[in-house]
Structure formats: C-alpha cells, structure tokens
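Here the structure is laid out as structure tokens; the discussion comes afterwards.
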Amino acid sequence: MTAATRAQLWSEVAGSGPPVVLVHAGICDSRMWDPQWKTFPRAHRVVRYDMRGFGRSPLSPGRYVPPADLIALLDKFALGPVALVGASMGGGISLQVAVARPDLVSALVLVGSGVRGHDWSDHVKRSWTEEEAALERGDLDAAVEVNLRTWVDGPDRSPDEVDPEVRGRVAEMQRRAFELWLPVGDAALEEPLVLDVGARLGEISVPTLALVGEHDVEDVHVVAERLEREIGATRVTIAGAAHLPNLEKPSEFDELVLAFLAEVEAA
C-alpha cells in the first residue's frame, strides 16, 4: 500500500492533563466538538483535527489512509497512550488504530460508531444513493439535506423536532466537505489501515464506552450491541438525540464521557 504524501492536517490543542483526541464524524469536521472544547480541556490535554477533505484540511489526489493520518498526528503531538473519542466514521478510524497500534490507545469512546464490514441496511443505502444522485446533478443543497434527514433527524423524527441550530451547524460542515471533495473526486483513493478490523474487535482490550443516540438509525444500535458483545464495551443510549449526541445533548454527553475517562485514569 502506497500512501499519498503526508497531509497538512489542521489541528489544535488545548488544556493539560491526560491526553484525549477527538475524531470527527463523516458528516462534520472538528467544529462538531465545539461544546466539548469548552469543557474537556479543564481536565485533559485535548486535540481535535480535520481529516483530509474536511473543514480546514485539503484533499489531494492520491492514496491516503485516515487511521495512518491519525497515528501521524499522535506522533506529532507526542501523544500515546491516548483516549480516542471517535464519532461515526471517526469511531471506525479509532477502532483501526486500536487494533493496529494498541500501544497508542488507553481508552475508546465510540459515538454512533461504524465498523468496517458492517452490512448496512437498505434505509442507509438508499440515503447514499440519494446523496450520490444529488451530487451528480450538482445539487449540493439536496445532498446536504439527505444527510441531515438520515443522520441528524433520524428515522423517527421530522426536521421540526430537531434543534434548528444543530441542523444548521451540521449542514455547514457537510457542505464544506462536499466542496472540498467534488473537485478531486475519484482521484483521491481512501484505503483502510486494518482491512479486517471487524473480525479483530476481540483483540481490543482497552476500556471502551459505546454511546448511541436514541433516535439514531438501527444500524448504529446494532453496531453498539456488537461492540458491547465483542469488546466488552459499556453501552449507553442517550435519550433525545440521534447520530450526534454531543451536539444535541452536550451536558449529558460530557457527564458520561468525562466520568468514564476519570474512572479509566483512576484505575
């Protein structure tokens, strides 16, 4: 596997204490962690960053490996072992790092996480098809709205039942990702670091917290149950939230995660 040249990923660090890295979802960028940026650095050295093709990190043609980029970031800040807090796609990336480099990971917080190899439902596959069709006809607004309906609203809520500020913030981040990706297209080739991570979850032995929003798609609940079963993760459902509970229910999210990290650090 040949990766593209090392990316210039936007990142920032705040606070002092046990290290924590925040890994954003695929419909967002590092700005999704704005609520936690006010709270987590009070007790931790916290790093957040934009993956390639998100927020303030460019995307270039060539092969690239997001988990390898995360490992390079840990090296840059001389972090490790570190607690990885990964949302959605960021959770899947964190799982690959935990399998490939267990020496770098002290704990995992997986928020609405995916896992490579999961057989996604027809509901989610239809949303991907709708998104692709909208992008092919150049309708970014429609492509953004598909993702808002699927992930921010969830399958059992209407848009008017969701905080419009949360919808607006995610829409801005998702649109930015489309604007970065579309000029590059298929010339950027993403590759995994651990191809069979789904079959190797049992190798992960660090304390793990799996969080899922009550209103998230059924697939995410299924993955969380799998993480509980195969890793021994503590699984918690956050009421009144969908795929991004840290934005919809920041106080509840912070309480759960910070208490979990404190327990890990005290062990």
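The values are calculated or read from the model by the stated rules, or taken from the named source; none is laboratory data. Just so you know, these numbers come straight off a predicted model, no measurement behind them. Every residue, glycine as well, gets a Cβ built from its backbone with ideal geometry; the counts of neighbours run over all protein chains shown. Protein only, heavy atoms only, side chains kept; ligands, DNA and RNA dropped before computing areas. Shrake-Rupley method; radii C 1.70, N 1.55, O 1.52, S 1.80 Å.
Tabulated results
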{"read-out": "Surrounding net charge for Ser16, when Lys and Arg each add one and Asp and Glu each subtract one, Cβ distance under 13 Å", "value": "+2"}
{"read-out": "Radius, Kirkwood style, for segment 182-234 when every pair of distinct Cα atoms is counted (Å)", "value": "13.3 Å"}
{"read-out": "Inter-label distance, nm, simple model (7 Å from Cα along the C-beta direction), Ala199/Ala259", "value": "3.9 nm"}
{"read-out": "Segments 211-223, 74-86 sorted - mean Cβ within 10 Å per residue, highest first", "value": "211-223, 74-86"}
{"read-out": "Candidates Val236, Val184, Val109, ranked by Gaussian network fluctuation over the chain, Cα under 10 Å, top entry", "value": "Val184"}
{"read-out": "Charge tally in the Cβ shell below 12 Å around Val217, where Lys, Arg are +1 and Asp, Glu are -1, Val217 excluded", "value": "-3"}
{"read-out": "Given charges at beta-carbon only (K, R positive; D, E negative), |dipole| of segment 8-134 in Debye", "value": "360 debye"}
{"read-out": "Charge dipole (segment 22-103, unit charges on Cβ, about Cα centre) - positive-most of Val65, Ala25, Val47", "value": "Val47"}
{"read-out": "Most to least packed among 248-258, 146-156, 93-103 [average Cβ atoms within 10 Å]", "value": "93-103, 146-156, 248-258"}
{"read-out": "Accessible surface of segment 1-116 [probe 1.4 Å, protein heavy atoms]: carbon and sulfur percent", "value": "52 percent"}
{"read-out": "Positive-pole candidate from Gln36, Ala199, Ala14, dipole of the chain, charges at beta carbon", "value": "Ala14"}
{"read-out": "Rounded Å value of the spacing that divides the Cα centres of segment 55-85 and segment 123-202", "value": "21 Å"}
{"read-out": "Contour excess over end-to-end distance, with Cα ends at Asp219 and Trp37 and 0.36 nm allotted per residue", "value": "62.7 nm"}
{"read-out": "Amide H within-cut-off set for Val23, under 5 Å, with H built and near neighbours excluded", "value": "Val85, Gly86, Ala87"}
{"read-out": "Listed peptides 47-54, 113-120 by packing density, highest first (mean Cβ within 10 Å)", "value": "47-54, 113-120"}
{"read-out": "Charge sum, other residues only, whose C-beta stays under 13 Å from Leu59's C-beta, Lys/Arg counted +1 and Asp/Glu -1", "value": "-2"}
{"read-out": "Antiparallel bridge percentage (DSSP; both residues within the chain; nearest 5)", "value": "15 percent"}
{"read-out": "FRET efficiency, Val206 to Thr129 (Cβ-Cβ, R0 41 Å, nearest 0.05)", "value": "0.65"}
{"read-out": "Solvent-accessible heavy-atom area per residue, rounded to whole Å², over the chain at 1.4 Å", "value": "43 Å²"}
{"read-out": "Relative contact order (%) - criterion: Cα under 8 Å, at least six apart; region: the chain", "value": "22 percent"}
{"read-out": "Extension gain from Ala266 to Glu161, taking 0.36 nm per residue of separation minus the Cα-Cα distance", "value": "33.8 nm"}
{"read-out": "Label selected from (1) 77, 71, 28; (2) 53, 43, 36; (3) 47, 41, 37, the criterion being Cα extents along the principal axes in Å as computed here", "value": "(2)"}
{"read-out": "Ser11-Asp119 pseudo-label distance in nm [points 7 Å out on the Cα-to-Cβ vector]", "value": "3.8 nm"}
{"read-out": "Amide H contacts of Ala210 (H built 1.01 Å from N, under 5 Å, at least 5 apart or other chain)", "value": "Leu110, Thr234, Arg235, Val236"}
{"read-out": "Directionally averaged projected area (convex hull, Cα atoms, segment 133-267), nm²", "value": "10.1 nm²"}
